Amino acid sequence: MKELLFLTYYWPPSGKASIHFPLDLIRHLDRLGWKITVATVEEDTFTQKDFSLVDEIPPTVEVHKIKSFEPFNLYRKFTGKAEGEPLIASETISRENKSIAHKISIWLRMNLFVPDARVGWYPYAVSFLKKIMKHKTFDALLSMGPPHSTHLIGKRLSKKFNVPHIPILIDPWVDIVYYQDFKRNWLTLNIDKSLEKSVMSHARHVVFVTETTRSDFIVKHPSLKEKSTVLYWGYNEDAFAKQEKEKRDNSAIVITHAGNIFDYQNPIRLWEYLRNQIIEGKNYKIQFIGTVSPGIKESIKQNNLESVTEFLGFLPYNQVITKLCNSDVLLVCTTEKRHVPGKLFEYFRTQNPILCFGDENEEVKELLQNGRAGKFVHYTESGCEILENLSTYRCELSYAKKFDRKTSAEILARIVEHLKR
């Protein structure tokens with residue numbers, strides 16, 4: 001029997017968007033005949049819950065939930081939030097919040113938790129999994145990050161039991177985008193760089209989700225050139241199989257953003273353009289699915305768009321897909337040149353026009369152009385060109401289906417098979 005151990009901090013019923021990539025890889029690997037064991041945390045206290053995802057776990061998958069020290073429980077107390085009160089990702093690192101408690105909490109997070117605030121899982125996971133691996137043999141050990149502390153668990157177990165380690169990096173490590181506005185002290189930064197280097201050196205193969213991130217890591221760690229692969233985030237074809245049109249007022253052009261959106265992703269010129277269009281009698285509706293930062297909400301208010309804006313908050317995944325399929329324009333805001341938003345591939349599959357904001361991201365621009373799916377504009381622009389020519393943009397279905405996660409799982413299986421030779 002071919003067996004894999006997957007380390008992933010997020011697992012159903014967590015509703016975090018980053019759960020879908022590992023979950024779909026595991027579902028397809030299971031269909032390909034691999035026996036999968038999953039190690040995850042006992043309780044993820046940060047994210048919203050989507051219990052519908054539990055039904056997506058194959059019954060043959062063995063899941064171990066391991067306890068962890070959760071610093072976000074302390075964050076709630078420190079910032080005056082009630083126990084169990086949901087935390088909003090975009091608010092926990094917002095620069096709009098000027099309170100002393102918030103500033104101190106960010107400093108502690110950036111400088112005392114290395115490599116990240118989930119490192120409290122490390123000692124419990126290592127201890128628990130050592131007992132399992134004494135009696136069970138795996139063909140490979142795969143770790144999903146962020147949180148990148150998961151890769152440290154993978155490296156430790158890989159070295160002890162001589163099992164090939166394959167880190168899967170959804171985002172960069174030391175210079176991940178949400179660190180860009182916050183200062184980390186030199187000691188923290190150097191420790192983190194050392195941890196990143198140790199994992200990259202030890203890994204038998206590394207998987208990235210963007211070409212640009214892979215290229216960036218090869219500059220820092222040249223050995224990765226011969227032992228790394230890009231598997232784009234992709235999408236789940238099964239989720240689109242039974243989508244139907246919603247009944248809605250077709251007079252309004254519906255613009256939808258799915259996922260977290262942060263202050264540094266604010267398309268200010270778009271809001272100004274929509275304000276002027278509405279004054280002229282045009283009909284627009286804006287939908288936000290997921291968390292929205294204070295800065296974005298303030299821009300919506302300043303441009304008198306509150307009456308046409310819905311903050312839908314967290315929705316179960318199948319409802320998110322329905323909303324995307326029934327939109328007229330899909331909004332995505334990139335953060336930096338290495339970032340290819342995961343939602344982009346689900347956007348492709350809807351075949352609805354995509355309006356993408358960013359400063360420097362040739363990879364996203366090329367993906368949009370290759371699929372004739374939408375337009376990439378700078379944050380200094382309004383995006384009016386696409387809004388006034390919607391019929392010009394429609395992703396080719398054959399192009400979108402290249403990113404089905406079934407294909408990614410098949411590639412990953414071949415990588416593991418190669419390591420066994």
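Before we move on, is T229 hydroxyl-bearing (S, T, Y), within 26 Å of F403 (Cβ to Cβ), surrounded by fewer than 21 Cβ atoms within 10 Å (Cβ to Cβ) and at pLDDT 95 or above? Break it down stepwise before answering.
On the way: hydroxyl-bearing (S, T, Y): yes; within 26 Å of F403 (Cβ to Cβ): yes; surrounded by fewer than 21 Cβ atoms within 10 Å (Cβ to Cβ): yes; at pLDDT 95 or above: yes.
Taking the combined requirement at face value, the residue satisfies it.
How many residues does segment 140-166 contain that are outside any helix (DSSP H, G or I), under 18 Å from V41 (Cβ atoms) and not small (G, A, S)? Steps first, please.
Going residue by residue through segment 140-166, those that are outside any helix (DSSP H, G or I) are 140-148, 162-166.
Now drop any that are not under 18 Å from V41 (Cβ atoms), which leaves 141-148.
In the following step, the residues that additionally are not small (G, A, S) were identified as 141-142, 144, 146-148.
Qualifying residue count, segment 140-166: 6.
Could you give me the residue pairs with C-beta distances under 8 Å whose first residue belongs to segment 145-161 and is under 15 Å from S127 (Cβ atoms) and assigned by TED's automatic domain parsing to the domain that holds P115, whose second residue is β-branched (V, I, T) and part of a helix (DSSP H, G or I) wherever it lies, and which are 6+ apart or on separate chains?
S149/V119; L152/V119; L152/V199; I153/V126; G154/V199; R156/V126; L157/V126
Among the residues in segment 35-49, are any touching a Lys or Arg at 6+ places or on another chain (Cβ under 7 Å) and more than 22 Å from D116 (Cβ to Cβ)?
Going residue by residue through segment 35-49, those that are touching a Lys or Arg at 6+ places or on another chain (Cβ under 7 Å) are 35, 40-42, 47.
Keeping just the survivors that are more than 22 Å from D116 (Cβ to Cβ) gives 35.
Looking for residues that are touching a Lys or Arg at 6+ places or on another chain (Cβ under 7 Å) and more than 22 Å from D116 (Cβ to Cβ), one finds at least one in segment 35-49, hence yes.
Among the helices (runs of 4 or more DSSP H) confined wholly to segment 349-421, which include 3 or more residues that are closer than 29 Å to M144 by Cα?
The qualifying helices (runs of 4 or more DSSP H) are 362-371, 397-400, 405-420.
For segment 189-220, which positions are in a helix (DSSP H, G or I) and in contact (Cβ under 8 Å) with a residue 60 or more places away in the chain?
As a first pass, look at segment 189-220 and keep what is in a helix (DSSP H, G or I): 189-202, 211-220.
Once the filter is applied, which keeps residues that are in a helix (DSSP H, G or I) and in contact (Cβ under 8 Å) with a residue 60 or more places away in the chain, segment 189-220 yields I191, D192, L195, E196, E211, T212, T213, D216.
Take C333 and tell me if it is in contact with a helix residue (DSSP H, G or I) (Cβ under 9 Å, 6 or more places away or on another chain), closer than 27 Å to P172 by Cα and not hydroxyl-bearing (S, T, Y). I'd like the intermediate steps shown before the answer.
Numbers: in contact with a helix residue (DSSP H, G or I) (Cβ under 9 Å, 6 or more places away or on another chain): yes; closer than 27 Å to P172 by Cα: yes; not hydroxyl-bearing (S, T, Y): yes.
Judged against the criteria, C333 is a match.
Okay, residues lined up against (1) surrounded by fewer than 23 Cβ atoms within 10 Å (Cβ to Cβ); (2) farther than 25 Å from I19 by Cβ; (3) not aromatic (F, W, Y):
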| residue | (1), (2), (3) |
| --- | --- |
| N326 | yes, no, yes |
| C356 | no, no, yes |
| E360 | yes, yes, yes |
| Q369 | yes, yes, yes |
| K375 | yes, yes, yes |
| E385 | yes, yes, yes |
| N389 | yes, yes, yes |
| T392 | yes, yes, yes |
| F403 | yes, no, no |
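Residues checked against (1) within 24 Å of N162 (Cα to Cα); (2) over 26 Å from the mean Cα position of the chain (by Cα); (3) touching a residue at least 60 places away in the same chain (Cβ under 8 Å):
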| residue | (1), (2), (3) |
| --- | --- |
| R394 | no, no, no |
| Y399 | no, no, no |
| R405 | no, no, yes |
| V416 | yes, no, yes |
| K420 | yes, yes, yes |
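Taking K35, is it at pLDDT below 90 and farther than 26 Å from H339 by Cβ?
Against the criterion (at pLDDT below 90 and farther than 26 Å from H339 by Cβ), K35 does not qualify.
Would you mind listing the strands (runs of 3 or more DSSP E) fully within segment 242-317 where at least 1 residues are in contact with a strand residue (DSSP E or B) (Cβ under 6 Å, 6 or more places away or on another chain), at pLDDT 95 or above and surrounded by fewer than 17 Cβ atoms within 10 Å (Cβ to Cβ)?
Answer list for segment 242-317: 309-313.
Looking at segment 77-92, can you tell me whether even one residue there is surrounded by 16 or more Cβ atoms within 10 Å (Cβ to Cβ), under 30 Å from K297 (Cβ atoms), more than 25 Å from the chain's Cα centre (by Cα) and modelled with pLDDT under 55?
Yes - at least one qualifying residue is present in segment 77-92.
Filter segment 349-377 for residues that are within 12 Å of V332 (Cα to Cα) and of a type outside the set (D, E, K, R) and give the result.
Answer for segment 349-377, where residues must be within 12 Å of V332 (Cα to Cα) and of a type outside the set (D, E, K, R): P353, I354, L355, C356, F357, G358, V364, L368, G374, F376, V377.
The values are calculated or read from the model by the stated rules, or taken from the named source; none is laboratory data. The model shown is predicted, which means the values in this text are computed figures rather than measured ones. Virtual Cβ from ideal backbone geometry, glycine too; neighbours counted across all protein chains shown.
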